[in-house]
Amino acid sequence: MTENREVYEKALRIHRHYEGKIETVPKIPFRGLDDLTYLYSPGVAAACEEIENSPEEAYHLTWKSNSIAIVTDGSRTLGLGDIGSLAALPVMEGKALIFKLFGGVDAIPLPVNEHDADKFIEIVEKVSPSFGGINLEDIESPKCFYVLEKLKERLDIPVWHDDQQGTATATLAALFGALDVVGKRLEEVEIAIIGVGAANTATIRLLIKNGVPGENIVAVDSKGIIHSGREDITPESYKRWIAESTNLNGKRGGIREAMSNADVVIAASVPGPGVIDKEWIGAMNNDPIIFAEANPVPEILPEDAIDAGARIVGTGRSDYPNQVNNSLVFPGLFRGVLTVRAKEITDEMAIEAAKALYDFAKPKLNENHIIPRMDEFEVHEKVAVRVAEKAVKSGLARREMTRSEIKKEIRRILDYTHEKIKLITELKERM
């Protein structure tokens, strides 16, 4: 805890010194007042008229082609709970920084002071014309499922909930790597899912879409193993499809029973330690794989899991090996969909991103390296290219581009971004 206090104190000093982490800067040369004749009035009217006559021109004449909004209501921020939209702003700024650093994406933090789901959706819909995509963040479940689906229906730009889809994609990529190391096949392993909030609900969906049989997945929530006979899971519950699609053999009990004879545990529940007992790992199959993704403290500490017999352990933390982090996913994924101007993000694109992460890590796979590190800059480009290609092949891209065209465009943007960041860093260090 002393170490955490030191981190927090330094973080506050940095935030206070810079008064936030991002700013807007011009992307166009400015040499004097005469330039405003074209950049603002009267010349800007020509751009307005073009867009009025042909809305698609907004992608060519404004920042829309490379911009997204990071939208939250602050109802489930990190492990802090419902801290409100204003207090969530530092997290959204941090997310915007990562988008730019690793994806060259212009992301705007946009906390919305509205907890009612329908009103929140309406606000996001009304501000959406300025953006080429929407990244939903830190919204409590089950509200987050409803918000995502309604916005996907209403908007013709990509809408993504990172706590759901991003974490699930990173988890799938880590699982590909872990299974490769232990020599098991995805479609044959037994998987225990601990916690069925935003992240694991999406993880279950991706697992099934990627070929895992429903009978091989057993999910546990705070009331025990989910099964079709549970009276508390009504037809209206978001858990109903999980009850109908998984645990087809009718397993009953709690976490202990779900883990018995499992090959893999994917936990995204409540902070530990102590959520998962060491002795339960001993009842798993050979070479157990444990993903304990709760923050700030995993459901079981990695050293305890290894001591109990786990072959591979992943967490959501950067101070342990095998960090399963959605920051590996969203910068490259949005870089890809923005480059080809995709109309939406599908599960198939998420799976393609997971495969790109796995392919990148494959040459160096071992028990302590089943997924790339976020600071391996090349991986974000790989994800971007694969996702962009998938969007084109799926018929969801506004721009028909070849693989070579996609790679060239993404490389140009990332090189330009990295050069700007280098210059800004040098300037700030001189101040």
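The values are calculated or read from the model by the stated rules, or taken from the named source; none is laboratory data. What you see is a predicted model, and the numbers here were worked out from it, not measured in a lab. We place every Cβ from the backbone using ideal geometry, glycine too, and count neighbours over all the protein chains shown.
What the table shows:
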item: I157, sole failed condition from (1) touching an Asp or Glu at 6+ places or on another chain (Cβ under 7 Å); (2) hydrophobic (A, V, I, L, M, F, W, C); (3) assigned to a loop (DSSP other than H, G, I, E, B); result: (1)
item: Filtered residue count, the range 128-156, keeping only those that are surrounded by fewer than 18 Cβ atoms within 10 Å (Cβ to Cβ) and small (G, A, S); result: 1
item: Single condition I290 does not satisfy, out of (1) without any contact (Cβ under 8 Å) to a residue 24 or more places away in the chain; (2) part of a strand (DSSP E or B); (3) of a type in the set (A, V, I, L, M, F, W, C); result: (1)
item: Given (1) more than 21 Å from G214 (Cβ to Cβ); (2) crowded, with 23+ Cβ neighbours inside 10 Å; (3) under 18 Å from the mean Cα position of the chain (by Cα); (4) not small (G, A, S), number of the condition I266 does not satisfy; result: (1)
item: Positions within the range 1-54 being small (G, A, S) and out of contact with any helix residue (DSSP H, G or I) (no Cβ under 7 Å at 6 or more places or on another chain), in sequence order; result: A11, G32, S41, A45, A46, S54
item: Restricting the range 271-285 to residues that are touching a residue at least 60 places away in the same chain (Cβ under 8 Å) and surrounded by fewer than 23 Cβ atoms within 10 Å (Cβ to Cβ), the residue that is nearest to the chain's Cα centre (by Cα); result: P271
item: Test set (1) assigned by TED's automatic domain parsing to the domain that holds A354; (2) farther than 20 Å from G166 by Cβ; (3) assigned to a helix (DSSP H, G or I) - P331 fails condition number; result: (2)
item: K27 being closer than 22 Å to M92 by Cβ and assigned to a helix (DSSP H, G or I); result: no
item: In the range 209-242, residue farthest from the chain's Cα centre (by Cα) [restricted to those that are in a helix (DSSP H, G or I) and crowded, with 17+ Cβ neighbours inside 10 Å]; result: N216
item: Members of the range 178-199 that are surrounded by fewer than 24 Cβ atoms within 10 Å (Cβ to Cβ), of a type in the set (G, A, S) and either part of a helix (DSSP H, G or I) or at pLDDT 95 or above (or both); result: G183, G195
